[in-house]
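Colleague: Below are the structure tokens for one structure; questions will follow.
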Amino acid sequence: MKSWQFRGLLTLIWLISTLIDRFWWANHGGLPAWDQADYLNSALDHGRALALLPGGSWQGWGSLLDLSPKIPPLASLVNGTVMAIAGDWPSQAAWSLSLWNGLLLFVVASWALELRQPLKAARQFALLCCVFVAMAPLLLELRTDYVLELPLTAMVALALWRLGDWWHPIHGALDAGVLGCSVDCGGVAGETKCAVDSHPSAVVGRGERLPGPKSSRCCAPLAVGDGLGFGVRGSFALVKT
């Protein structure tokens, strides 16, 4: 299987799952429940705070973070941006769930490619994994329910993928910064209910993966990425208190 064929089939899986989701949303006429309405309002408020939706204007970072006393802001920022493009009705705002589903499929495919060799077998394995993810009843339910579980699932999967890649003896130093950012972004995407959503230094250990100078070379970018993500989470935590 060639590279363009693999990418085309992966895109086709996402398109088919999106069409199924859109068919459900087009025929769903009920009102959103309490939690769903809360998340919709949060996305709407963040879109207005970013001056992307009518009725709002940019008031600075302080005002933006003040909108997140309970709901972590990353998903609301992304969802509010999607609202500015697709519309603010629940069925229109649900396009953001298709984007999070696309991220999840990309992560699953990328992760699967690293678990099998040779590359031909790995691509077939990756597509099979993505088909299972697209057909999973629980994930299908999350794609038709406007809650934070799907963004949180996608970001935690991203963090776990980068964590596994960080242990690679060659590419680990390059991926350490990405790991730090992705783990911390997982904490800003959804409420911290998962053990992986912790300080990346605690997740990956104390630099014992490689001995001597290689260990320091790998931990340096991890600290930089961790610091960037931790700064965002720290600002968010400061606002919550």
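Colleague: I need to check one value: relative contact order of the stretch 1-109, counting alpha carbon pairs closer than 8 Å and at least 6 residues apart, in percent.
Modeller: Dividing the mean separation by the residue count of the stretch 1-109 yields 25 percent.
Colleague: For the stretch 45-152, what does the relative contact order come out to in percent, with C-alpha contacts under 8 Å and a separation of six or more?
Modeller: Computed over the stretch 45-152, the figure is 20 percent.
Colleague: If r is the Cβ-Cβ distance from Asp145 to Gln92 and R0 is 25 Å, what FRET efficiency results, to the nearest 0.05?
Modeller: Calculated transfer efficiency: 0.95.
Colleague: Tell me the relative contact order for the stretch 47-88 as a rounded percent, counting alpha carbon contacts under 8 Å between residues six or more apart. Present the calculation step by step, with values, prior to reporting the outcome.
Modeller: On the way: 32 pairs, mean separation 17.4, N = 42.
Computed over the stretch 47-88, the figure is 42 percent.
FYI, it's all coordinate maths here, none of it is from the lab. Just so it is clear, the structure is predicted and the values come from calculations on it, not from any experiment. For neighbour counting, all protein chains shown are included, and Cβ atoms are generated from backbone atoms with ideal geometry for every residue, glycine included.
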